[in-house]
Amino acid sequence: NPKTHGRHKGFQTYPLIGALPDFLRNRNRFLDWTTQVLGDCPTNTSPFYRPGNIHGVITANPTNVEHILKTNFENYPKGERFIVLLQDFFGKGIFNSDGEIWRLQRKTASYEFNTKSLRIFIMENVRVELYTRLIPMLTEAEEAHRILDLQDILERFAFDNICKLAFNFDPGCLGSTGKTGREFMLAFENAATLSAGRFLYAVPFLWRVKKALNIGSEATLMKSISIVHEFADTIIRNRLESRVHNNEEDLLSRFIGKDENSPGFLRDIIISFILAGRDTTSSTLSWFFWLLCFNPEVEQSILKELKEIRKRNRKRIGDSYSIEELRDMNYLHAAISETMRLYPPVPVDTKACLNDDVLPDGTFVGKGWFVTYHTYAMGRMPKIWGEDCYEFRPERWLDEKGIVKQESPFRFPVFHAGPRMCLGKDMAYIQMKSIAASVMERFSVEVPEKEKSGGHLLSLTLRMKGGLPVKVRERILLD
Ligand code: HEM
C-alpha cells in the first residue's frame with residue numbers, strides 16, 4: 001500500500017481518534033487489512049487504539065499466542081466486556097464464562113467428550129443425517145439439474161447434528177419435515193448474529209439504550225432469545241420430569257447426571273454447545289469444496305486415498321466409513337487442515353488483560369486492554385508457513401510416509417490452544433471427513449461462478465459471502 005509506505009510499522013494511530021480512519025477505510029476488508037499490517041511488523045504484533053478508551057494489542061506471533069493462551073492463561077480471561085454482551089443469550093454457559101463457573105463445565109464436558117459412547121453417538125448421528133438427508137437431497141438436485149447453495153445445506157446439516165448431540169432433539173432442518181426445527185434454527189441464528197452485532201456499535205453502550213426502550217435490533221434480539229429459551233426450557237423440563245435422562249447419550253443427560261445443575265443453567269450449557277458446534281464445520285467444508293475447484297490435483301489425490309481405503313477394507317462406494325477408516329484418511333485430513341489454515345472458521349479471537357503484562361516479543365499490554373490473536377493472519381505469515389503460504393498445498397501437513405504431522409496449536413490456533421482449547425475438534429474432523437468422503441465419491445461438485453465466489457462475511461464465524469452456489473453431477477468411479 002503506497003499510502004502507508006514509509007510510516008512506522010503497525011496500525012497508524014492519530015491523537016484521540018486512534019486507528020479509526022484506517023479502520024473505517026478498511027472495514028470491508030478487515031481481515032486482509034490487518035493481515036497486511038501485522039505482516040509488516042517485525043514481530044507480527046501491533047498495539048491498536050480506538051476511541052472510547054479502547055486499547056489493545058493484535059498479534060499473529062506464535063510465541064505471544066502461547067503466552068496468552070497457555071503460559072499466562074489466568075491473566076487473559078474472556079473478560080467482563082465480552083461476557084456482558086453475550087449474557088442475555090448465553091447466560092453463563094461454557095462459552096461465556098470464566099473462573100470456577102467455566103472450570104466446572106469444562107471438567108464434565110472434557111470427560112464426556114473423551115468417552116467412547118459419545119463418539120459412537122456422534123458417528124451414528126452423522127451417518128443418519130448423511131444417508132437419509134444429504135445424499136438423497138444431492139441426488140434429487142442432480143436429477144433436476146438444480147443449483148444448490150451448498151453452504152446453506154451444510155449449515156443445516158451441522159445444526160441438526162449439534163442439536164442431536166446437545167439434547168437429542170432432531171430439528172430436521174435438512175429434511176422436509178422440520179418446520180418447528182427451522183424456526184428454532186432461525187431464532188438461534190438471529191440471536192447469535194444480533195448478540196455479536198453488539199460488539200460493532202461505534203458508541204459502545206447504545207445497545208443498552210435500545211434494549212431499555214425495546215426498539216430496533218434489540219427488540220428482535222429479545223424476541224429471538226425468548227423463542228430459543230422457551231424451546232430449550234421445554235425439552236429440559238420434560239427430561240427432568242420424565243427421569244429417563246440416564247438412558248440417553250446426549251450432552252444434556254450427561255450434565256443432568258453429573259452435577260446438581262438448575263434448569264436455567266442447563267439451558268445455558270446447552271446453548272453454548274449449540275453455538276460452538278454450529279457454523280464452524282459448515283464454514284470449513286464450504287471453503288474446502290470451493291478450493292477443490294481450483295485444485296483438481298488435490299481432488300484426485302483424495303479420491304485415490306478413498307479408493308485405497310475401500311480396497312483395503314473390502315468396501316464399496318456408498319458403504320459408510322468406520323471411525324478407524326476415517327482416521328486412516330490422512331490426505332483428506334491434511335486437505336481439511338489446509339483449508340482451515342487459509343480460512344479459519346474463527347478468524348480472530350479476543351481476550352481481556354487482567355493485569356499489566358509484557359508479551360514475549362516485548363510488547364506491553366495494559367490492564368483492561370483487549371488482546372486479539374489473529375488466526376487468519378497467522379495462516380498467511382511467511383515466517384510461519386514459508387513463502388508459499390498463500391498456496392493450497394495439503395502436502396505440507398504430511399510426513400514422508402504420508403501420515404499427518406502434529407502441528408503446534410500455537411502456530412495453528414484454529415481450535416484455540418491451552419486449557420480452553422476446543423472440545424469438539426475430534427468430533428469436527430469426524431463430521432467433516434465423513435461428509436467430504438461420502439459426497440466426493442458420489443458427486444463432483446462444480447461451482448459455476450467460482451471466480452466470483454470467495455468473498456467472506458465476518459460474523460461470529462467466517463462464512464462465504466453470497467453462499468456457495470453449486471451444481472452436482474454424479475461421479476462414475478471405476479473401483
Ligand atoms: C471446524 C470446527 C471447529 C473449529 C475451528 C472450532 C474452533 C474453536 C475455537 C477457536 C474455540 C475457542 C473460542 C473461544 O473460547 O473464544 C472453540 C471452543 C469450543 N469449541 Fe470448537 N470449533 C469447532 C467445532 C466444534 C464442535 C463441533 C464442537 C462440539 C460441540 C465444539 C465445541 C467447543 C466448545 C465446547 C468450546 C469451548 C471450550 C472452552 O471454553 O473451554 N467445537 N472452538
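The values are calculated or read from the model by the stated rules, or taken from the named source; none is laboratory data. Nothing here was measured: the structure is a model prediction, and the numbers come from that model. In this analysis, Cβ positions are derived from the backbone assuming ideal geometry, glycine residues included, and neighbour counts consider all displayed protein chains. All accessible areas refer to the heavy atoms of the entire protein, side chains included, with ligands and DNA or RNA removed. Shrake-Rupley method; radii C 1.70, N 1.55, O 1.52, S 1.80 Å.
Computed quantities for the displayed model
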item: Residues located in segment 426-454, provided they are more than 20 Å from L118 (Cβ to Cβ), open to solvent by 40 Å² or more (accessible area, probe 1.4 Å), touching a residue at least 40 places away in the same chain (Cβ under 8 Å) and not basic (K, R); result: E446, P448
item: Residue that is open to solvent by less than 10 Å² (accessible area, probe 1.4 Å), more than 20 Å from the chain's Cα centre (by Cα) and either over 24 Å from K92 (Cα atoms) or not polar (S, T, N, Q) (or both), where the choices are L165, L134, L154; result: L134
item: Residue tally, condition part of a loop (DSSP other than H, G, I, E, B) and either in contact (Cβ under 8 Å) with a residue 24 or more places away in the chain or on the phi > 0 side of the Ramachandran plot (or both), over segment 374-389; result: 4
item: Any pair with Cβ under 6 angstrom, 6 or more apart, that starts in segment 335-362 at a residue that is under 30 Å from N295 (Cα atoms) and open to solvent by less than 10 Å² (accessible area, probe 1.4 Å) and ends at one that is within 15 Å of the ligand (Cβ to nearest atom) and assigned to a strand (DSSP E or B); result: P345/L462; P347/L462
item: Residue list for segment 364-396, restricted to those being within 16 Å of the ligand (Cβ to nearest atom) and of a type in the set (A, V, I, L, M, F, W, C); result: F370, V371, A377, M378
item: Unmet requirement for E112, which otherwise passes all of (1) of a type outside the set (A, V, I, L, M, F, W, C); (2) modelled with pLDDT of 90 or more; (3) buried (at least 16 other Cβ atoms within 10 Å of the Cβ); (4) within 15 Å of L165 (Cβ to Cβ); result: (2)
item: Test: residue in segment 212-230 that is within 28 Å of I120 (Cα to Cα) and either touching a residue at least 12 places away in the same chain (Cβ under 8 Å) or assigned to a helix (DSSP H, G or I) (or both); result: yes
item: Complete set of residues in segment 339-362 that are away from the ligand (no atom under 13 Å from the Cβ) and touching a helix residue (DSSP H, G or I) at 6+ places or on another chain (Cβ under 7 Å); result: C353, L354, N355, D357, L359, P360, D361
item: Residue check for A187: over 24 Å from A109 (Cβ atoms) and among the aliphatic types (A, V, I, L, M); result: yes
item: Restricting segment 140-159 to residues that are free of Cβ contacts under 8 Å to residues at least 24 places away in the same chain and part of a helix (DSSP H, G or I), the residue that is farthest from the ligand (Cβ to nearest atom); result: E143
item: Residue match in segment 289-301 (condition: within 14 Å of S438 (Cβ to Cβ) and not β-branched (V, I, T)); result: yes
item: Residues being in a helix (DSSP H, G or I), under 21 Å from the mean Cα position of the chain (by Cα) and buried (at least 19 other Cβ atoms within 10 Å of the Cβ) - total across segment 58-82; result: 5
item: Single condition V404 does not satisfy, out of (1) in contact with a His (Cβ under 6 Å, 6 or more places away or on another chain); (2) more than 30 Å from I317 (Cβ to Cβ); result: (2)
item: G52 being assigned to a loop (DSSP other than H, G, I, E, B), more than 14 Å from the ligand (Cβ to nearest atom) and among the small types (G, A, S); result: yes
item: Qualifying residue in segment 171-187 (condition: β-branched (V, I, T), open to solvent by less than 10 Å² (accessible area, probe 1.4 Å) and in a helix (DSSP H, G or I)); result: no
item: Restricting segment 239-280 to residues that are among the polar types (S, T, N, Q) and open to solvent by less than 10 Å² (accessible area, probe 1.4 Å), the residue that is modelled with the highest pLDDT; result: S272
item: Unmet requirement for L118, which otherwise passes all of (1) within 11 Å of the ligand (Cβ to nearest atom); (2) under 20 Å from the mean Cα position of the chain (by Cα); result: (2)
item: Elements of type helices (runs of 4 or more DSSP H) contained in segment 285-368, each with 1 or more residues being of a type outside the set (S, T, N, Q) and closer than 23 Å to H416 by Cα; result: 323-327, 330-342
item: Of residues in segment 397-425 being among the hydrophobic types (A, V, I, L, M, F, W, C) and part of a loop (DSSP other than H, G, I, E, B), the one most open to solvent (accessible area, probe 1.4 Å); result: I403
item: Tally of residues being of a type in the set (K, R) and near the ligand (Cβ under 10 Å from one of its atoms) across segment 397-442; result: 2
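Condition check ((1) away from the ligand (no atom under 12 Å from the Cβ); (2) open to solvent by less than 20 Å² (accessible area, probe 1.4 Å)) across all residues:
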{"position": "F89", "(1), (2)": "yes, yes"}
{"position": "F95", "(1), (2)": "no, no"}
{"position": "D98", "(1), (2)": "no, no"}
{"position": "L130", "(1), (2)": "yes, yes"}
{"position": "N161", "(1), (2)": "no, yes"}
{"position": "F169", "(1), (2)": "yes, no"}
